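Each remark here refers to the structure printed beneath this line.
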Amino acid sequence: MENNSQKFSHESKNNDGVKEIPKKADYLFEVSWEVCNKVGGIYTVVKSKVSFMLEHYKENYFAIGPYFPNKAAGEFDEKLPLPKLKKIFETLDSEGIKCHYGRWLAKGEPNTVLIDFEQYVKNKNEIKGKLWDDYKIDSLGTEYHDYDEPVVWATAVGRFIEEFAKNSENEKIVAHFHEWLAGAGLLYLKSRKANVATVFTTHATMLGRTLASAENLYELIGRVDPDKEAYNHKVHTKYQTERACAQNADVFATVSGITAIETEALLKKKPDLLLPNGLDLDKFPTFEEISIKHKLFKRKIKEFLIYFFFPHYSFDLEETLIYFISGRYEFHDKGIDIFIKALSKLNERLKKEDFKKTIVAFFWIPGNVRSIKQELLENRTLYQDLRESINDNIEDIKNSVIYLLASHRNIKRQTLFDKDLYYEIKLKTFKLIKKGKALISTHDLYNEEEDQIIKALKEAKLENSVEDKVKVVFYPMYLTGADQLLDLNYYESMLGSHLGVFASYYEPWGYTPLEAAALGVASVTTDLAGFGMFVKEIKREDDNYPGIFVLERLESTDEETVKKLAGVLYDYSKLNREERIKNKIEAVRLSKFADWKIFTKNYIEAHNLAIERRFGK
């Protein structure tokens, strides 16, 4: 790394003003279990970056993933193999490795090879035995489906890249492996001394994530015995694979400074460089489009609030702010526990002040769902029936309004509607009225009484009482745009909101606050999130309107963090419309620092360094 100044001496700038680094590899293979197989965040990382990698590698870029027919449908356009691949495919097919060539239906439609490893599974014990002999990975005698499948597939990937390299003797190849799931491919190439440079990226260490869920990771990280802890938590096979990859790759990388602390302590390897996660910001709306869509989707969210809350009591929707948290159901790691406690403090403070606004906090976190609550379905049906009655008579109602205004008469329900419509509307309105408490969750859950979010909300006295200034909605479904309630997708739901809250304890990078920012939504993150650490390094336009609020959680107790977050939520609730817009503008500005147009150069740097180490300068 000392020679970076020399290495970048021939850099040029593209049309976006971003420095370009000439690539040194002729071919790039990007290997991930999530190519054409959406499982988690790596899918977004690889897919959103593809078109930018193609600018450098063109047709010599290949994405490599597993072949699952159901997952490939709609993601993968299969084609006849390229002439260069045909002979390789035939050779591998005789070994039980069936390769499918085509195009990933991502922006740029890159060359893609999906590998069917079903017949190759017969070699599982031989593969695991070799991993023990070469790297002391203790997987023999264990039968973990979520370990064995990726290891067999990744080894098949290694075999494919090895064969490709044999047929490309005069060309430099770099293979970039994401996460331990692809790691056996890297280890195979290393053991075979293949003519391939390798890069390994861990996006979150296996042991770090495990310890963060169970214990205070950042207090223990420098004092634990990683090997012992891996066995204690039964993640030793994955941990040992990840560690072997980190220590044997030509270049080892991770996504953020906070994860680099983990890798050095747990994997005993300091990253060669950081590869932060970006977004293709060209796919996000302009600020003008954001303003229009915010109004549209906010109106849809408020319609939902009418039939969720108004059968029990009403509040002023024009004076309502929408906060949200979203992501995987990781109660501690994602800061769900902190958010609930902070909302409780906020609620008590606002009640004492007799605050005139209402805060509605959504928990868009998929849970163990049985079905939509019957009461809510009934409420929605009754609300839609009422709405249709108004729509069917909208011309008559409009004419009545014009007449009453022109004749200076008071507008009342009795004068607005004719007699028959008035009684029809009145009857339908009465049907909407419900006795009992307002709902907390949109869905019935399995073991609802044991659900962590439901229990925590009740313990925090956030039960949607009429006097509460903070209302909560646990929405335990993926936001697909077709869930029979909000009917908004993930980005649309964000766009309709005012503030996203992601007070994470364990977050190697953190796409959610970045996505929110790109959509012009202010958000909260922490300095325990890679993205939060990144944002802290960027100069603000105006500290009064940060756009992305970064809570200092690294050296704070949970109680201190709750107090800080409650303060941010309170201060944000006090902002007027103009001040909220200033935060939106700053959020969008900050998101532009994490554009793949900027971050792609880090990948080229990693690939070039791997080429230098493998083949020499």
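The values are calculated or read from the model by the stated rules, or taken from the named source; none is laboratory data. Bear in mind the structure is a predicted one, so any value in this text is a computation, not a measurement. Positions of Cβ are backbone-derived with ideal geometry, glycine not excepted, and every protein chain shown enters the neighbour counts.
Observations
- For first residues located in the range 559-570 and more than 12 Å from residue 526 (Cβ to Cβ), partners that are aromatic (Phe, Trp, Tyr) and lie 6+ apart or on another chain with Cβ distances below 8 Å form the pairs 569/323.
- Of all the numbered requirements in (1) within 17 Å of residue 573 (Cβ to Cβ); (2) touching a helix residue (DSSP H, G or I) at 6+ places or on another chain (Cβ under 9 Å); (3) surrounded by fewer than 18 Cβ atoms within 10 Å (Cβ to Cβ), residue 296 misses one, and that requirement is (1).
Okay, residues lined up against (1) touching a strand residue (DSSP E or B) at 6+ places or on another chain (Cβ under 6 Å); (2) of a type in the set (A, V, I, L, M, F, W, C); (3) touching a residue at least 12 places away in the same chain (Cβ under 8 Å):
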site: 45; (1), (2), (3): no, yes, yes
site: 58; (1), (2), (3): no, no, no
site: 64; (1), (2), (3): yes, yes, yes
site: 78; (1), (2), (3): yes, no, yes
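- Within the range 252-269, the set of residues being touching a Ser or Thr at 6+ places or on another chain (Cβ under 8 Å) and part of a helix (DSSP H, G or I) comprises 259, 260, 262, 263, 266, 267.
- Taken as a whole, the structure places residue 471 among residues that are of a type outside the set (Asp, Glu) and assigned to a strand (DSSP E or B).
- Only residues that are surrounded by fewer than 24 Cβ atoms within 10 Å (Cβ to Cβ) and within 11 Å of residue 586 (Cβ to Cβ) were counted in the range 535-548, giving 8.
- Selection within the range 452-484 - touching a helix residue (DSSP H, G or I) at 6+ places or on another chain (Cβ under 9 Å), more than 19 Å from residue 340 (Cβ to Cβ) and hydrophobic (A, V, I, L, M, F, W, C): 479
Let's see how each residue does on (1) outside the structural domain of residue 488 (by TED's automatic domain parsing); (2) free of Cβ contacts under 8 Å to residues at least 12 places away in the same chain; (3) assigned to a strand (DSSP E or B); (4) more than 17 Å from residue 358 (Cα to Cα):
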position: 305; (1), (2), (3), (4): no, no, no, no
position: 313; (1), (2), (3), (4): no, no, no, no
position: 318; (1), (2), (3), (4): no, yes, no, no
position: 333; (1), (2), (3), (4): no, no, no, yes
position: 341; (1), (2), (3), (4): no, no, no, yes
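- Any hit, the range 446-456, residues being in a helix (DSSP H, G or I), in contact with a strand residue (DSSP E or B) (Cβ under 6 Å, 6 or more places away or on another chain), among the β-branched types (Val, Ile, Thr) and surrounded by 15 or more Cβ atoms within 10 Å (Cβ to Cβ): yes
- Residues of the range 86-128 that are touching a residue at least 60 places away in the same chain (Cβ under 8 Å) and part of a helix (DSSP H, G or I): 87, 88, 91, 92.
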